[in-house]
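Here is the structure we will look at.
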Amino acid sequence: MTLDEIRAYTGKEIGVSEWFTLDQDKINGFADLTEDHMFLHVNPEAAKATPFGGTIAHGLLTLSMMPVMAYQAVPGVEGTKMGVNYGYDKVRFMAPVKSGKRIRDHFTVKSVDDKGDGRFALNQDVTIEIEGEDKPALAAEWITMVWM
């Protein structure tokens, strides 16, 4: 899509990703990579005694899935020389993702801001839904910087 076509989506959902399963293998791999082996994530027996009834994904694992889901759901910007993750605002972890649950991402264009010198900030409101649950896993404002 052109930058103007994306800008026309301001205030509207531009895409929804496919479902993605956060199983115990992914959770354990993230724990190994980040060295965060809190029992709630990696010990199913101990986690049974918690209010969650089992292991849950790290909130940061859920957040880190945003880029791969964006590749599926958000059209690229025509003429982009480079795009980078510029950061997140107002990240909120609203509900735990239990091991084995499926998540998907909803992307809404918040704004496209001209930063000068061929740079544009694409601001999106992002919500990660948990299949079969009323509350989303997280909500965030995500900023991607693109160079044209």
Quiz item: How many residues are touching a Phe, Trp or Tyr at 6+ places or on another chain (Cβ under 7 Å) and not aliphatic (A, V, I, L, M) when one looks only at segment 2-36?
Solution: 2
Quiz prompt | Subset of segment 112-144 [closer than 28 Å to Ser99 by Cα, of a type outside the set (Gly, Ala, Ser) and without any contact (Cβ under 8 Å) to a residue 40 or more places away in the chain] | solution = Asp125, Thr127, Glu129, Ile130, Glu133, Asp134
Self-check item: Pick from segment 4-21, criterion crowded, with 17+ Cβ neighbours inside 10 Å and over 15 Å from the mean Cα position of the chain (by Cα), ranking: nearest to Gln72 (Cα to Cα)
Solution: Ile6
Practice problem: From the list Gly53, Gly87, Gly76, pick out the single residue that is closer than 26 Å to Glu141 by Cβ and either at pLDDT 95 or above or surrounded by 13 or more Cβ atoms within 10 Å (Cβ to Cβ) (or both). | Solution: Gly87
Self-check item: Meets criteria (over 23 Å from Arg104 (Cα atoms), surrounded by fewer than 12 Cβ atoms within 10 Å (Cβ to Cβ) and touching a residue at least 60 places away in the same chain (Cβ under 8 Å)) for Lys81
Solution: yes
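Could you list, in sequence order, all residues of segment 8-27 that are of a type in the set (Phe, Trp, Tyr), in a loop (DSSP other than H, G, I, E, B) and under 11 Å from Asp105 (Cα atoms)?
Residue satisfying the conditions is Trp19 alone.
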Quiz prompt | Val77 farther than 27 Å from Asn28 by Cα and either touching a helix residue (DSSP H, G or I) at 6+ places or on another chain (Cβ under 8 Å) or assigned to a helix (DSSP H, G or I) (or both) | solution = yes
Exercise. Those residues that are within 13 Å of Ser99 (Cβ to Cβ), under 20 Å from the mean Cα position of the chain (by Cα), without any contact (Cβ under 8 Å) to a residue 60 or more places away in the chain and in a helix (DSSP H, G or I), I need them from segment 34-74; list them, please.
Key: His41, Leu61
Practice problem: Scan segment 106-123 and give yes if some residue there is charged (D, E, K, R) and within 26 Å of Met38 (Cα to Cα), otherwise no. | Solution: no
Quiz item: Taking the stated definitions as given, is Lys90 out of contact with any Ser or Thr (no Cβ under 8 Å at 6 or more places or on another chain), among the basic types (Lys, Arg) and not in a strand (DSSP E or B)?
Solution: no
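The values are calculated or read from the model by the stated rules, or taken from the named source; none is laboratory data. None of these values were measured; they are calculated from a predicted model. Methodologically, a virtual Cβ is constructed for each residue, glycine included, from the backbone with ideal geometry; neighbour enumeration extends over all protein chains shown.
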